[in-house]
1. Would you list which lysines come within 23 Å of LYS608, measuring only between C-alpha atoms, while excluding same-chain residues fewer than 8 positions from it?
2. Taking loop as defined by DSSP and a crowding limit of 15 other beta carbons within 10 Å, which GluC sites (Glu not before Pro) in region 486-575 fit?
3. From largest to smallest, what semi-axes in whole angstrom does the chain give when each is the square root of 5 times an eigenvalue of its alpha carbon gyration tensor?
4. Please give the per residue accessible area of the chain, computed with a probe of 1.4 Å over protein heavy atoms only, in Å².
5. Using a Förster distance of 22 Å, how high is the FRET efficiency between TYR364 and VAL430, based on the Cβ-Cβ distance and rounded to 0.05?
6. From the helices alone, meaning DSSP H stretches of at least four residues, give me the mean residue ellipticity at 222 nm for the chain, per-run term -39500 (n - 2.57), in deg cm²/dmol to the nearest 500.
7. Can you send over the carbon and sulfur percentage of the accessible area for the chain, probe radius 1.4 Å, protein chains only?
8. Using the Cα centre as the reference, give the magnitude of the dipole from point charges on the C-beta atoms of the chain (Lys, Arg: +1; Asp, Glu: -1; all else neutral), rounded to the nearest 20 debye.
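The values are calculated or read from the model by the stated rules, or taken from the named source; none is laboratory data. Predicted model, so just to flag it, every value in this text is computed and none were measured. For neighbour counting, all protein chains shown are included, and Cβ atoms are generated from backbone atoms with ideal geometry for every residue, glycine included. Heavy atoms of the whole protein, side chains included, go into the accessibility calculation; ligands, DNA and RNA do not. Shrake-Rupley method; radii C 1.70, N 1.55, O 1.52, S 1.80 Å.
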Amino acid sequence: MKITLIKTNKKNMQHLKLHTPESFQQLLHDDYYQKEVGKLREFCRYAHKYSEYEFMYRLPVVSSSTEMKADKEGNLLMKRFNGLLTLTVGVMRDEDEVEAVKQRCMMLPMTVMALTGSSRRTVKLVVAVCRADGLLPQQETEAEKLCQQAYPIVCQLYETIVRTVHTTSNLTVTPALRKGDNSMLHAGFRMTFDEHPIINDNAVAMTIPDTLDQQPIADIVQRTDTTDNSTGQLMRQLIDFMEQTYDFRMNTIMGYVEYCSKNKPFYGWQPVDERAQNTIAMKAQAEGLNVWDKDIVRYLKSNMVRDYSPVTEFLLEVRGKWDGTDHIGALAATVPNDNPYWPQWFKTWFLGMVAQWIGRNTLYGNAIAPLLISKQGYNKSTFCKSLLPPQLQWGYNDNLVLSEKKSVLQAMSQFLLINLDEFNQIPPKVQEGFLKNLIQLASVKVKRPYAKHVEDFPRMASFIATANVSDILTDPSGNRRFIGIELTGPIDVRRRINYTQLYAQAMALLEQDEPHWLDPKQTQLVMQSNQQFQLRSPEELYFSECFALTDNEEKGQWMTSTVIFDHIRKAAGAALKGGNIQRFGRVLSNIEGLKSRRTNRGTEYLVKPLR
């Protein structure tokens, strides 16, 4: 069995692509569709008509009923009938209703899939059916006839089911017919994105009688009701109690469920810790519900608790409100310095920070970090903290201990901005190893307390750093991860920041595909600028005393790094103790203008000995 995706371009030309059920399930989590469906859902927040969306063609139509082919004229023909019907349930008020209906519909054994629709206002159901003899028709006319017979029965059945959810008494279930196509066989839906699709690989096809006058629907509903035993009734009572007494939400950033009492909303949202969980269980039992702690936990860990991201909520509130003024540039201008590239570099980093929050950086994280350098009292730390609005101040961290690697990785998935304060105190080995790798990560792998395996979490945090001395960058191979900026005066932190406009500009520029990374040319400029902040090793300092650079082989000599290192040690004497030949080789490879070549002795450098 294969599912058909029908893509239509701007010229209204159709292209078919077939997917197995397994590959189609992977598409439900595809980054491309996450982005495109996300844009449609944002449009639906403000638009009245779903069909007015101008980029609808980017989402193909999913036809689960048939495996299709196209003839020479481009007409779509049935190649094979899959025995699947597509239904639309809607329209929902919120995501809680969507998830409740999905869970309810999966109680029926013939439900193959329950998906959140592309508008996030509907549920798309895929239902398995067959003829009375248990077979599927192979002729298109016979398949259409079966669909005509099956849809009224199936729609009535599922409408009965979804109306048992108390919040959905006005919901309707209809065939997912395509616009301008009345064929039941060709019913389908726009490609969607669903983080929590419900899929039943062991669905049992519903038998459809040959004649409609047999009216099997009453018998089917009765059989469904008989499965609704006392346990099911108790769970419905528990769900009613939870929804009537509390509001719950899953904080996807912090990774825990929060609750707010409907009777005492002034207490605000609080984490559901062990104490709160026990209180909820005791109150449920006081209401006469014979429930256990595990029943409460099962509810809290289900899709009936809506996802909530404080970052997403804030960015959606400011989205589309930009007044056109360069607020990011104005914020960069409060940092006095002599680097002409600072405004552009800061804007790129700031866009990278917001892009990290909304999941744009799926391959690499925001791999650059401003490094503010000055003496004390220049308001560096105050400026760093002020980059986040009051609603997101919980996401600021300036007390990260890099030696505790597990805590660092966890912080990258839970905080938004990490300030590497007193950067000059970070050891060179940490700079060149762990920290260098850390900054470019797109996700982090952490084993949570009491968990059985390591989990992959999206990275949220970007980095900024401050230092009180200028010679602090230690990587001899180059420092492209940090944007070193030496302040010429205190940062103006008295200026009031319009956070709505600041982040509205960032969202607008990202939607316009403004680069949020440094291109190779900009990266080279950063590395050149950072040379003034490079901590020179004794070997590197003595190199300029002992050798000069030359392009003339007659005036110079080809030497390996070991020979050059030996010359320097002889010249320095007791002043140069120890030393690392491997590190020195990396220093030589990054000296601008130093000519090198590969030989059977290793890499040789053309130098002119001075003594």
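1. LYS555, LYS570, LYS595
2. Values: sites: GLU486, GLU511, GLU539, GLU540, GLU545, GLU553, GLU554; in loops: GLU553, GLU554.
Within region 486-575, the qualifying GluC sites (Glu not before Pro) (loop, at most 15 other Cβ atoms within 10 Å) are GLU553, GLU554.
3. On the way: eigenvalues 709, 190, 105 Å².
Whole-Å semi-axes of the equivalent ellipsoid: 60, 31, 23.
4. Working: 31670 Å² over 611 residues.
Using a 1.4 Å probe on heavy atoms only, each residue of the chain averages 52 Å².
5. On the way: r = 21 Å, r/R0 = 0.94.
Efficiency at R0 = 22 Å is approximately 0.60.
6. -10500 deg cm²/dmol, from helical runs alone.
7. Details: 15320 of 31670 Å².
The value for the chain is 48 percent carbon and sulfur by accessible area.
8. Values: 73 positive and 68 negative charges, 292 e Å.
I would put it at about 1400 debye.
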